[in-house]
Amino acid sequence: MVQNLLIQASLSDIEAVVRKVLDDRLNDLIPQRKEDTPLYLTRDEAAKMLRISLPTLADWTRQGMIPVQRIGRRVLYAISDIENTLEGKKGGRKNG
């Protein structure tokens, strides 16, 4: 036998519960997606972020000062690698 339960709730109470459930679920999903998807920059974007010229970026790449990812003809730099390089540059270890 199926029993029906009748609950009275205001529209604002229902909205609050739905909003909380959705927020919790989205917060669970968003960090996983960010961790799984590395973010990359093009040569131009990386040079601008580092505040260096493209030839200097090419030199740093050849010297192994900053790792590079090649996908076909595209040259990409991970944002985490750029940030690490910036930290080293602030510490006076990089010249450019």
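The values are calculated or read from the model by the stated rules, or taken from the named source; none is laboratory data. In this text the structure is predicted, and so the values were computed from the model without any measurement. As a convention, Cβ positions derive from the backbone with ideal geometry for all residues, glycine included, and neighbour counts pool all protein chains shown.
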**Complete:** Scanning segment 4-19 for residues that are of a type outside the set (A, V, I, L, M) and assigned to a helix (DSSP H, G or I) gives Ser12, Asp13, Glu15, Arg19
**Request:** Pick out the one residue from Leu5, Leu54 that is on the phi < 0 side of the Ramachandran plot and at pLDDT below 90.
**Result:** Leu5
**Message:** I'd like to check something: does segment 73-88 contain any residue that is over 14 Å from Leu39 (Cα atoms) and either assigned to a strand (DSSP E or B) or in contact with an Asp or Glu (Cβ under 8 Å, 6 or more places away or on another chain) (or both)?
**Reply:** yes
**Fill in**
Filtering segment 61-92 down to residues that are touching a residue at least 40 places away in the same chain (Cβ under 8 Å) and within 13 Å of Ala47 (Cα to Cα) yields Ala78, Ile79, Ile82
**Item:** Scope segment 20-49; condition modelled with pLDDT under 70 and assigned to a helix (DSSP H, G or I); matching residues
**Value:** Pro31, Gln32, Arg33, Lys34, Glu35, Asp36
**Scope segment 48-60; condition within 15 Å of Gly88 (Cα to Cα) and without any contact (Cβ under 8 Å) to a residue 12 or more places away in the chain; matching residues** = Arg51
**Prompt:** Counting only residues that are out of contact with any helix residue (DSSP H, G or I) (no Cβ under 6 Å at 6 or more places or on another chain) and either in a loop (DSSP other than H, G, I, E, B) or acidic (Asp, Glu) (or both), which one in segment 59-72 is surrounded by the most Cβ atoms within 10 Å (Cβ to Cβ)?
**Reply:** Met65
